[in-house]
1. Considering MET205, MET165, which residue is buried (at least 20 other Cβ atoms within 10 Å of the Cβ) and either under 20 Å from LEU32 (Cβ atoms) or at pLDDT below 95 (or both)?
2. Failed condition for VAL69, given (1) over 23 Å from THR218 (Cα atoms); (2) open to solvent by 20 Å² or more (accessible area, probe 1.4 Å), with all others met?
3. Would you check which residues across region 169-202 are surrounded by 19 or more Cβ atoms within 10 Å (Cβ to Cβ) and touching a Ser or Thr at 6+ places or on another chain (Cβ under 9 Å) and list them?
4. Answer yes if at least one residue in region 79-88 is under 20 Å from SER224 (Cβ atoms), among the aromatic types (Phe, Trp, Tyr) and surrounded by 21 or more Cβ atoms within 10 Å (Cβ to Cβ), and no otherwise.
5. Identify, please: which residue in region 136-157 is over 19 Å from the mean Cα position of the chain (by Cα) and in contact (Cβ under 8 Å) with a residue 12 or more places away in the chain and is, among those, farthest from ALA193 (Cα to Cα)?
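The values are calculated or read from the model by the stated rules, or taken from the named source; none is laboratory data. Here the structure is a predicted model, which is why all the values come from computation and not from measurement. FYI the Cβ positions are ideal-geometry reconstructions off the backbone, even for glycines, and counts take in every protein chain you see. Ligands, DNA and RNA are stripped out before the accessible areas are found, and what is left, the full protein with its side chains, is counted by its heavy atoms. Shrake-Rupley method; radii C 1.70, N 1.55, O 1.52, S 1.80 Å.
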Amino acid sequence: MSTIAHNLQVVTEAISVASQEAQRAPGAVQLLAVSKTFPAQAVLEAVLAGQRAFGENYVQEGVEKIHAVAQARGCTPLEWHFIGPIQSNKTRLIAENFDWVHTIEREKIAQRLSEQRPAALHPLQVCIQVNTSGEASKSGVLPGEAAALARAVAALPRLQLRGLMAIPEPEDDFDRQRAAFRVLRELYEQLRADGIALDTLSMGMSADMRAAIHEGATIVRVGSAIFGARQYNKG
């Protein structure tokens, strides 16, 4: 068993244990393997171990990896999620190559993704990124503005609004981790009560996924616990 396969097994078991603790149904939490900065070979190792959903933060790197993995694996169905900041000049590449986008925070970006999504592909599955802490330096729409953006995104063709995503500030304490994720879960529940169709909470990473699962995460985004420590050389 490769190191990546072993790590995937450990993470999958941790998700299962946390789900049981939180009395979540089996299969309620999807593992998104965050492969940013790692080569296509690392993705292929994860695929051989049974992983099918992968997250990328950098558009060009992600597109090159998608193509490289497709050439190596042929028709193996994989799911690619874009989870990084979105620049206007990169929306076409995202719309043409990814299955999911977690980081919509502006209606203009959503409109461009809708217009540029090829008709031959299924609708792009999207989440709205929420700045749950209200810090000016952080990405995401403020909670009070999420409903208006959600309604605007839901009305666009070629997109399917699925839910909310957040990246809280790192926190070591389990209860404080839960409190940060609770903000997003309560907003999610409020939007659903207001008639906005949502089914996805993308929250939780390697260090805090247990707390996220306890607060209702349906997708956890795990990278380093699967692929190891990253060496960043991106500008």
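1. Within the list MET205, MET165, the selection yields MET165.
2. Only one criterion is unmet by VAL69, namely (2).
3. ALA180, PHE181, LEU184, LEU187, TYR188, THR200, LEU201, SER202
4. Within region 79-88 (the criterion being under 20 Å from SER224 (Cβ atoms), among the aromatic types (Phe, Trp, Tyr) and surrounded by 21 or more Cβ atoms within 10 Å (Cβ to Cβ)), the answer is yes, since at least one residue qualifies.
5. The selected residue is PRO157.
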